[in-house]
Amino acid sequence: MKILTPTYYEDNIFNINLEDLRNQGVRLILTDIDNTIVPYGTPVPTAKILSWFNKAKELGFDFCILSNNDEERISSFNKELGFYAIHKANKPLPFSYLKCLKQYNAKKEEAVFLGDQLFTDILGANVAGIKSVLVKPIRLDNESKFISFKRKIELKFLDKVKPKRLGVIGNPIKHSLSPLLHKSFYNNLGINAVYKRYCPKENELEKYIEYFKNNGFLGFNVTVPYKSEIIKYLDEVDINALKINSVNTVKIINGKLFGYSTDGEGFIKQLNCDLTGKIVKILGAGGATPAIVQSLVNNNVGSIIIYNRTFEKAQVIAENYDNVVAMPLKDFTAECCDILINATSCEHITGEPPVDNLKGISENTLVYDINYKPKTTKFMQLAIDEGCMAYNGLEMLVNQGLLAHKIWFGKEEVK
Ligand code: ATR
């Protein structure tokens, strides 16, 4: 099936990340015309496609047109563009693809083919050994009978070769490491999937959810500020996620949305020890704390004290559990705990940790900071100076991603 698998799959050419392609060293775009860059039979390039070509040109791309259509169609369409063009290209045979590379003295890895047909465009690109982008055909109603027939057969294959679609929604989202993380899972496991960032504005959450549902997404992650708001759009929510009113992972099955939270379990996995009866202190009562507390309680910890600058926020979390209490941050002492967790964003905001010393802490206390920049935070350094082991939040981030991956793809283990 590999021979029919495109390198990338996009709804339309305008979604292609041209900068990313350039960064990969691609400099030559070979493209089909009908139903790839314009609706079938459009006589001349549209203004939209002209401006897309200009943008690509500015990024340093050259272009070739490669079509199985006849000379008349190609030359009239190409009149204004003036690209190197091959008509009756005999796709999926590789010769015309290779001719274009020769014309631009380009190596195979420097070219990409854009097309809408699996059995011609993509098969040909794979035989020629170049990257390809399969796009959704723009207009199907006026195609020839032969192409329509081919499309029906293609549809059966498409389900198998189309990459699974996933992503993360949040606002802001630019900083999110999730795409990097999940892409590394897919590379590691040889999974054909794409994972992208999505940034709904206020009031746009529902629109994005509909988009995910209607475009075959396998699922998506949710981050700030939508972890609670998403819940009202879900068909079913995992009991732990419901308890903390926070969902960070959604799976879509037959148009139904199932919500989970992997944040807390991601943290617990990092601890990798028997938590029964342990005494835990947590600094901070922000977004991450409810998930961590819920997972610690599920794992039978003895007691938890949440210290927070705004005492009431700690109290709201603590009142859901018998063995969790809230304290003002100013009353914090580092004594008498097995596990100490910094879940504040204080250092990120002020450059200083939420407490100025960890005096009295036992050397056996395990210390965690859910932040991971810098690698050793000032808070961790306070603990290290007292002889404790201290860990940052990178493993928690990876673990929550792995758990989300398992929810979407099943049991595959990432090495
Ligand atoms: P949010 O509160 O919006 O969920 P967060 O980043 O998840 O944001 O959580 C921030 C946490 O860091 C809170 O516990 C916050 O304390 P408050 O609840 O009192 O705001 C804590 N925090 C942030 N800056 C702090 C500071 N300068 N000193 C102490 N705690 C701080």
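The values are calculated or read from the model by the stated rules, or taken from the named source; none is laboratory data. Every value quoted in this text rests on a predicted model; they were computed, and no experiment measured them. Don't worry about glycine lacking a Cβ; one is built from the backbone with ideal geometry, like all the others, and counts go over all protein chains shown. The accessibility values were calculated without ligands, DNA or RNA, using every heavy atom of the protein model including side chains. Shrake-Rupley method; radii C 1.70, N 1.55, O 1.52, S 1.80 Å.
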May I ask you to verify whether ASN245 is more than 15 Å from the ligand (Cβ to nearest atom) and not acidic (Asp, Glu)? no
Of these, THR377, THR365, which one is open to solvent by less than 50 Å² (accessible area, probe 1.4 Å) and touching a Cys at 6+ places or on another chain (Cβ under 9 Å)? THR365
Select from segment 319-349 the residues that are surrounded by 15 or more Cβ atoms within 10 Å (Cβ to Cβ) and within 13 Å of the ligand (Cβ to nearest atom) and list them in ascending order. ALA326, MET327, LEU329, PHE332, ILE341, ASN342, ALA343, THR344, SER345, CYS346, GLU347
Could you say whether any residue in segment 201-212 is under 26 Å from THR5 (Cα atoms), buried (at least 19 other Cβ atoms within 10 Å of the Cβ) and touching a residue at least 24 places away in the same chain (Cβ under 8 Å)? yes
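So that you can scan it fast, the table gives a plain yes or no per residue for (1) in contact (Cβ under 8 Å) with a residue 60 or more places away in the chain; (2) in a helix (DSSP H, G or I):
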site: VAL250; (1), (2): no, no
site: GLN270; (1), (2): yes, yes
site: ALA285; (1), (2): no, no
site: VAL297; (1), (2): no, yes
site: ILE304; (1), (2): no, no
site: LYS313; (1), (2): no, yes
Qualifying residues in segment 1-20 (those that are surrounded by 14 or more Cβ atoms within 10 Å (Cβ to Cβ), within 17 Å of the chain's Cα centre (by Cα) and not β-branched (Val, Ile, Thr)) - the one nearest to ASN126 (Cα to Cα): TYR8
Which condition breaks for ASN254 when tested against (1) closer than 27 Å to MET327 by Cβ; (2) without any contact (Cβ under 8 Å) to a residue 40 or more places away in the chain? (1)
Which numbered condition trips up ILE74, out of (1) open to solvent by less than 10 Å² (accessible area, probe 1.4 Å); (2) in contact with an Asp or Glu (Cβ under 9 Å, 6 or more places away or on another chain); (3) farther than 10 Å from LEU30 by Cα? (2)
Looking at segment 350-367, which of its residues are touching a Gly at 6+ places or on another chain (Cβ under 8 Å) and within 15 Å of the ligand (Cβ to nearest atom)? PRO354
Test: residue in segment 149-156 that is open to solvent by 90 Å² or more (accessible area, probe 1.4 Å) and over 22 Å from ASP11 (Cβ atoms): yes
Looking only at segment 269-287, filter to residues that are open to solvent by less than 40 Å² (accessible area, probe 1.4 Å) and modelled with pLDDT of 95 or more; which one of those is farthest from the ligand (Cβ to nearest atom)? LEU275
Subset of segment 127-148 (residues that are within 20 Å of VAL26 (Cβ to Cβ), touching a residue at least 60 places away in the same chain (Cβ under 8 Å) and either open to solvent by less than 40 Å² (accessible area, probe 1.4 Å) or under 25 Å from the mean Cα position of the chain (by Cα) (or both)): ILE130, LYS131, SER132, VAL133, LEU134, VAL135
